[in-house]
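S.K.: The structure under discussion is supplied below as structure tokens; questions concerning it will follow.
Since every read-out is calculated from the coordinates, none of them should be taken as a lab result. It should be emphasised that the depicted structure is a prediction, and the values quoted were computed from it without experimental measurement. Counting neighbours? That spans all protein chains shown, and the Cβs are built from the backbone with ideal geometry, glycine included.
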Amino acid sequence: MNTRRSHRAVRSRRRRAAAVALVGVGAVTLSGVLWSTASGSPASSVRVHDGTVDVPVDGGTAQVRVDSLAVGARTAGSGGLTLSAPAAGSLGTPGPVSVHDGSAHWTYPAVGLSVTAGAEQGRLKVDVHGTKDGSTLSWPVTGTDASASQVQMPIGDGLGVPVADHWWNTASDGLAGHTYDMTADMSMPLWGYTLGHRGVSYLVPQPVGTKLGFTSVDKRLRATGVHTFSARADTSHYTVTFALTPPSPVAPAQDYRSWLASHGGVVTLKQKIAANPDVARLLGAFHAYTWGAARTAQGVRQMQSLGFTRMWLGYDADGDPMTADAVAAAKKAGYLVGPYDSWANGQDPTSADASTSAWPSPVYPDYCVRQADGSVLAGFHDRGCYLSSQAFAQSESKDHFLAQRTRQMTANGADSYFLDVDAAGELYDDHSTAHPMNQRQDEANRLARMGTLSGKDKLVLGSESAGSWASPVIDFSHGSETPVADGLWSLEKDKSVFGGYAPQGAPAVYFKPVALSADLTRAMFDPAYRIPLYETALHDSQVNLDRWELSYTKFPALEKTRALLAVLYDTPLNLVLDGPTLTSQGKELAALQRYFAPLHEAAATEPMTGFRRVTSDGSVQQSVFGNGTLRVTANFGSKPYGSLPGGCVDATLHGDHHTRRLCPETF
């Protein structure tokens, strides 16, 4: 399992944990979804006066300053709001403004930028085109309005952080001083702020080439988008939309969901089930990575006898896969079975330390990603190399390397597949002359090959920490739930504390209980800061869980909180199981799964339509799915809320005559 410790960890070391420099200046998909360039607004809708472009939007009028790209808004009842301070650095003297096709157009000749601002579907849409290769634009500069009280950020499922919170402004695992790549580090290309009784949502439909940096200014969190213009990278256009929203903490995700729906970017679980009925077996299922006896037919029958009604069972590529008999037993029980695989790494097959990194000749080294200087991009943990999706795409029709791997991994009858890395969002530029590729092409290649697995091959497909761009082609994601902080990767390196890859049958990295520090607990699991942005946008499109090494029982002190979050968000728990675990904890884990199953079976295919913090401290929270299909109230506190005790959750399905209460205990 050392092949898969964490590609996210590698990314965090590259993430430039430092404040973004707010200086200087310099469409494939959202990711995967085509952006329409039609304005959709009449020519008379945009008005230019006194160096300002007025654009009517839902909820008011957006105002863009031509000289600086500062953006404000006039709203009924809220007066004026600052949506962006001026762009960092000098733009130079702007050219004249013209209005046609319902939008305003002007240029900044000194820095090679041209701007189009107009309305689209109730939002302000600003498109900036850059002609100077390698130049950057630090804009929008957000969180500068005096009324800003909370910033919403899609790390994992989502964070909602008070802008003046001391810890988030100063701690190493806070936000200030960190820069996030919008494709590699953020689950969705958006962020938002609560501004008094209103909110604002920022969306970057084409996030490749864009980062979001946080700084602490006057002890308040400020977020700035930074885009790099490049012809080779196909990032010469930088589009940002601004939407005025309600003050709900999940409003940015609601805006994104609306955008996706209007651009054909939502493929629902109902549609996926219609295409492959096996996907329905995800509904109500907990997930578990199996070891030892839990991989055997007898272990599967033991799970069934313990009362697990639905399960997804995974196993590592460690030379000891589930046998055909075990897979058959799982199918008979109504469970899904899927191997772990990765197409991201290649090593010399004569010395590879991971079977998933050993490929037929000439994959290694011919398919290695090449950097701009011609050197090979070192692979995971600096072993071998990262493999180019373009190289595979060019050769697959002739060599069938990916198809052969898939047949090999599913020869035991497995009906699911976990493909690590592909959906996770760290995209690559390949400078090889044999298979050149930019990040947008890498994304397109990954979408195509994942689409083959879930489409033609009819496998129930999962991947790691899936970016929203991958949602149309996957069925589940391991790692999209918890907002992982950089400090976790440092902790995981300390094998004496977190555990290593021994013993072989039950590696401590998965089975050893760990006490998480107060800082990591706050950054990753504190309900006061967690918000379901990802679920609000994509709950009915894919099933989301925690990472494999962050299993439910890994952090005993957090089990109650995590169980309540799972019910509140209607997301399954991810477990690790072996023979001793089934014996010692199986009965209790099965009881949790049986409580969860009817809720998820009813609501997994419904959108998350409501979320609110009932109490000011966030200790009591409520969620709604569909048109009241499922309603949940969770009390994370220690005191009762009405009749709901602390540490308990009430769930009600449509038609229920009583609530379904869960008060989980710690193992």
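S.K.: Return Trp359, Trp139 ranked ascending by Cβ neighbour count within 10 Å, so the fewest neighbours appear first.
M.R.: Trp359, Trp139
S.K.: Counting Lys +1, Arg +1, Asp -1, Glu -1, what net charge surrounds Gly384 among other residues with beta carbon under 11 Å of its beta carbon?
M.R.: So the surrounding residues net to -2.
S.K.: Still on this structure, I have one more. Quick one: net charge around Asn169, please, counting Lys, Arg +1 and Asp, Glu -1 for every other residue with C-beta under 11 Å from its C-beta.
M.R.: Around Asn169, the surrounding residues sum to +1.
S.K.: Please report the net charge: other residues with Cβ closer than 10 Å to the Cβ of Asp430, K and R +1, D and E -1.
M.R.: -1
S.K.: To continue, here is another question. Can you give me the convex hull volume of the Cα atoms of the stretch 11-262, divided per residue and expressed in Å³?
M.R.: Hull volume normalised by residue count: 117 Å³.
S.K.: Whole-Hz ³J(HN,Hα) for each residue in the stretch 444-455, computed from phi via Karplus 6.51 cos²θ - 1.76 cosθ + 1.60 with θ = phi - 60°, x for glycine and proline: what do you get?
M.R.: Per residue, the Karplus-derived 3J(HN,Hα) values read 4, 5, 5, 4, 5, 6, 5, x, 5, 5, 7, x Hz.
S.K.: Could you tell me which of the pairs Lys458/Lys587; Lys125/Lys270; Lys398/Lys458; Lys125/Lys211; Lys272/Lys587; Lys495/Lys554 are separated by over 25 angstrom between their Cα atoms in the structure shown?
M.R.: Listed pairs above 25 Å: Lys458/Lys587; Lys125/Lys270; Lys272/Lys587.
S.K.: Just to verify a number: FRET efficiency for Gln585 and Asp50, C-beta to C-beta distance, R0 = 51 Å, to 0.05?
M.R.: That pair, Gln585 with Asp50, gives E of 0.15.
S.K.: Among all the lysines, which ones have a C-alpha under 18 Å from Lys639's C-alpha, if same-chain residues fewer than 8 places away are not counted?
M.R.: Result set, ordered by chain and number: Lys560.
S.K.: Which percent of the Cα-Cα distances in the stretch 558-650 go past 15 Å?
M.R.: 62
S.K.: Would you mind ranking Leu283, Leu81 so that the residue whose beta carbon has the fewest other beta carbons within 10 Å leads the list? Provide the component values of the computation, followed by the final result.
M.R.: On the way: Leu283 19, Leu81 24.
Fewest to most other Cβ atoms nearby, the residues stand as Leu283, Leu81.
S.K.: Rounded to the nearest 500, what is the chain's calculated 222 nm mean residue ellipticity when only DSSP H runs of at least 4 contribute -39500 (n - 2.57) each, over all residues? Provide the component values of the computation, followed by the final result.
M.R.: Working: 17 runs with 156 residues, N = 667.
Theoretical 222 nm ellipticity from helices: -6500 deg cm²/dmol.
S.K.: Kindly provide the Kirkwood hydrodynamic radius of the stretch 69-153 in Å, to one decimal, from all pairs of distinct alpha carbon atoms.
M.R.: 14.5
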